[in-house]
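> Have a look at the structure that comes next, please.
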Amino acid sequence: DTGVSQDPRHKITKRGQNVTFRCDPISEHNRLYWYRQTLGQGPEFLTYFQNEAQLEKSRLLSDRFSAERPKGSFSTLEIQRTEQGDSAMYLCASSYGTETSTDTQYFGPGTRLTVL
Amino acid sequence: RKEVEQDPGPFNVPEGATVAFNCTYSNSASQSFFWYRQDCRKEPKLLMSVYSSGNEDGRFTAQLNRASQYISLLIRDSKLSDSATYLCVVTQLSGNTPLVFGKGTRLSVIA
């Protein structure tokens, strides 16, 4: 399977715990995005990498959230001191893009987080 | 005001019906437009891009009206397998930026 993969697919944690999610993009893709989706809403942008550089962060990404893409390949999203409001589906997407082209984002299956 | 607005539905239609979804966007700087499909508890998947000239892919037709900041999706001859949530999506630049999603419109095609 050469699509975007995410791990774990489901995570249940207690409030106050830290969690880390991993995303493996399609191998030749230089761009990687994190989105969050809650029930009844469309996905909302969190942050975006081009290669290893984190180029944009949403206001939704509080201090408790951090994302990395250390070698420009896989990415991790960590949430510290989780809160019940963090319960959501965390979606990763990747694309190959240049300054002048329109790139198509391909989504992974998501990590569903439940904070008790 | 939300940046992308859609009627959440649900739209319940019989097989074979024609159904249309509408979407409006507030940012006049938006440059790229898409419809994504999302099945229950699955990830969004690109259905089609939307161009000013309108475009068609089989039973699906998408239209863009930049003056009215309005996007539409028409599905002809609905199939049971078309049941899903349809997400209207815009970006500010030519696809090189994060996607901005509407809440989605839920479609149920009934036998």
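> Where residues in region A:28-41 are out of contact with any Pro (no Cβ under 8 Å at 6 or more places or on another chain) and within 17 Å of B:E3 (Cβ to Cβ), which of them is farthest from the other protein chains (Cβ to nearest Cβ)?
Checking each candidate, the answer is A:T38.
> Since B:T18 meets every condition but one in (1) at pLDDT 90 or above; (2) within 14 Å of chain A (Cβ to nearest Cβ), which condition does it not meet?
Failed condition: (2).
> Restricting region B:23-44 to residues that are modelled with pLDDT of 90 or more and closer than 18 Å to A:G97 by Cα, which is nearest to the other protein chains (Cβ to nearest Cβ)?
Across region B:23-44, the extreme among qualifying residues is B:F34.
> Quickly run through region A:59-103 and pick out the residues that are closer than 15 Å to A:Q6 by Cα and in a loop (DSSP other than H, G, I, E, B).
Hits for region A:59-103 are A:R69, A:S73, A:F74.
> Can you give me the number of residues within region B:1-48 that are among the aliphatic types (A, V, I, L, M) and outside any strand (DSSP E or B)?
Total satisfying the criteria: 2.
> Residues of region B:72-111 being hydroxyl-bearing (S, T, Y), at the interface with chain A (Cβ under 8 Å from one of its Cβ atoms) and under 16 Å from the mean Cα position of the chain (by Cα), which ones?
Of everything in region B:72-111, nothing turns out to be hydroxyl-bearing (S, T, Y), at the interface with chain A (Cβ under 8 Å from one of its Cβ atoms) and under 16 Å from the mean Cα position of the chain (by Cα).
> Is one or more of the residues making up region A:66-79 exposed (fewer than 14 other Cβ atoms within 10 Å of the Cβ), under 14 Å from the mean Cα position of the chain (by Cα) and either facing another protein chain (nearest Cβ under 9 Å) or touching a residue at least 60 places away in the same chain (Cβ under 8 Å) (or both)?
yes
> Same structure again: Please give the number of the condition A:E56 fails out of (1) surrounded by fewer than 16 Cβ atoms within 10 Å (Cβ to Cβ); (2) in a loop (DSSP other than H, G, I, E, B); (3) facing chain B (nearest Cβ under 9 Å).
Here A:E56 clears every test but (2).
> Checking the structure you have, find out if any residue of region A:16-24 is assigned to a loop (DSSP other than H, G, I, E, B) and buried (at least 18 other Cβ atoms within 10 Å of the Cβ).
no
The values are calculated or read from the model by the stated rules, or taken from the named source; none is laboratory data. None of these values were measured; they are calculated from a predicted model. Please note: Cβ atoms are built from the backbone with ideal geometry, for glycine as well, and neighbour counts cover all protein chains shown.
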